[in-house]
């Protein structure tokens, strides 16, 4: 699975003129590691905030079906705005300074559609008989939600978290343009200085981070759904 | 503010930026279709081929668009062509994944029946597999198109032109009206693309499938 990516990596790394290993050695701890940490931080915070919003909204949309179409319309519209445009619009709002905050707002906005959609799909996938059985056992609505529906919906919710995380890691690189920090800083500085080593380290690390997050969450998804492990998702 | 934004759209260089944006997106999308579709068709009957295509597609989808565009810079230099190569690479994965899964998910019973009626492999492809897979294939092309229009905004960072130029100009010169004018133009173009391809998707769904979808849902 990782072979094509590794081959690509090897190709890029073996080109002697493109990579200045001395620079990487000298700036590893000052530039590269903080950029990577910043990127992970941005992505984590954004997914966290997005989940805090999306889970209740998803549960409510699954309950009150009339609320679902407007919710998807709004989040879908947010999702279709190109990221650089959304960042530009956000920093045009008076009171929003350039920096990590507008980037986090944008990243949260992008994940809402995917997370809400998958929460609703996850809750829909719970068989009605299971809920009936739980009710027959005397569970209250709240207990049914937390002990039956959400655990059964979890694999689909995690699938949403996976797509959202990969999307967010990619878009977060663009946030560096408005001083949001992260690996995009290396890419934009590299472009500004015409220095391929910086561009490549930023781009390769961002790609690697996205792929690692994708595989980890895929593993979690499969672990949570042992009955579907044989089938491909 | 609104008047100032409209003034930006009246600038003589605006049509050129819009044209660059559309040409970049459209050419990248067409080349991506021309690459991804034959590959999906060739591997439609092999398990291994489909698995490889879908995995490569998934990895490709994880690669950040800015990373691809930035990586094109040291290899292909600054400019329109470089951005075009990068955008094409970005446009391929969604089309490849959807075309490959769409073609593979055609009911085996239908194909067997067609073979029993004496249809050849290519007749089965054009008469059965492609029409049945059309909605899924078009969904992939739509995803790819919307994503390409969005990523084309980033072409400006490697000198590829397009509407992103306005955003960069507005940001670096601190001209909020130029920044917003660029952002709004890009957002509107993306929404038009989304809606337009959604209509195409419905137009390309065969009548029989529409009836089946209605019955089910």
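Looking at B:49, B:57, B:77, which is the one that is modelled with pLDDT under 90, in contact with a helix residue (DSSP H, G or I) (Cβ under 6 Å, 6 or more places away or on another chain) and either within 28 Å of residue B:126 (Cβ to Cβ) or within 14 Å of chain A (Cβ to nearest Cβ) (or both)?
Just a single option satisfies the conditions, and that option is B:57.
Would you confirm whether any residue within the range B:142-161 is exposed (fewer than 14 other Cβ atoms within 10 Å of the Cβ) and either within 11 Å of chain A (Cβ to nearest Cβ) or at pLDDT below 90 (or both)?
The answer is no, given that none of the residues of the range B:142-161 is exposed (fewer than 14 other Cβ atoms within 10 Å of the Cβ) and either within 11 Å of chain A (Cβ to nearest Cβ) or at pLDDT below 90 (or both).
Can you tell me which residue is farthest from residue B:126 (Cα to Cα) among those in the range B:183-200 that are buried (at least 18 other Cβ atoms within 10 Å of the Cβ) and in contact (Cβ under 8 Å) with a residue 24 or more places away in the chain?
Among those that are buried (at least 18 other Cβ atoms within 10 Å of the Cβ) and in contact (Cβ under 8 Å) with a residue 24 or more places away in the chain, it is B:184.
For residue B:64, which of the numbered conditions (1) within 8 Å of chain A (Cβ to nearest Cβ); (2) over 28 Å from residue B:20 (Cβ atoms); (3) crowded, with 20+ Cβ neighbours inside 10 Å fails to hold?
The failed condition is (2).
Select from the range B:80-101 the residues that are touching a residue at least 40 places away in the same chain (Cβ under 8 Å) and away from chain A (no Cβ under 14 Å) and write down the one among them that is surrounded by the fewest Cβ atoms within 10 Å (Cβ to Cβ).
B:80
Would you kindly identify the helices (runs of 4 or more DSSP H) lying entirely within the range B:86-160 that contain at least 2 residues that are closer than 19 Å to residue B:199 by Cβ?
Because the criterion is at least 2 residues that are closer than 19 Å to residue B:199 by Cβ, the helices (runs of 4 or more DSSP H) in the range B:86-160 that meet it are B:130-152.
Quick check, is residue B:118 at positive phi and either modelled with pLDDT under 90 or touching a helix residue (DSSP H, G or I) at 6+ places or on another chain (Cβ under 7 Å) (or both)?
The answer is no for residue B:118.
Matching residues to (1) under 24 Å from residue A:97 (Cβ atoms); (2) part of a helix (DSSP H, G or I); (3) more than 8 Å from chain B (Cβ to nearest Cβ); (4) out of contact with any helix residue (DSSP H, G or I) (no Cβ under 7 Å at 6 or more places or on another chain):
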{"site": "A:158", "(1), (2), (3), (4)": "no, yes, yes, no"}
{"site": "A:174", "(1), (2), (3), (4)": "yes, yes, no, no"}
{"site": "A:182", "(1), (2), (3), (4)": "yes, no, yes, no"}
{"site": "A:186", "(1), (2), (3), (4)": "yes, yes, yes, no"}
{"site": "A:208", "(1), (2), (3), (4)": "no, yes, yes, yes"}
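I'd like to know if the range B:168-177 contains one or more residues that are free of Cβ contacts under 8 Å to residues at least 40 places away in the same chain, touching a helix residue (DSSP H, G or I) at 6+ places or on another chain (Cβ under 8 Å), in a loop (DSSP other than H, G, I, E, B) and surrounded by fewer than 23 Cβ atoms within 10 Å (Cβ to Cβ).
The answer is yes, given that some residue of the range B:168-177 is free of Cβ contacts under 8 Å to residues at least 40 places away in the same chain, touching a helix residue (DSSP H, G or I) at 6+ places or on another chain (Cβ under 8 Å), in a loop (DSSP other than H, G, I, E, B) and surrounded by fewer than 23 Cβ atoms within 10 Å (Cβ to Cβ).
Residue B:36 passes all but one of (1) over 30 Å from residue B:108 (Cβ atoms); (2) surrounded by 15 or more Cβ atoms within 10 Å (Cβ to Cβ); which number fails?
Every listed condition holds for residue B:36 apart from (1).
The values are calculated or read from the model by the stated rules, or taken from the named source; none is laboratory data. Here the structure is a predicted model, which means the values were calculated and not measured. No Cβ is skipped: glycine too gets one built from the backbone with ideal geometry, and neighbour counts run over all protein chains shown.
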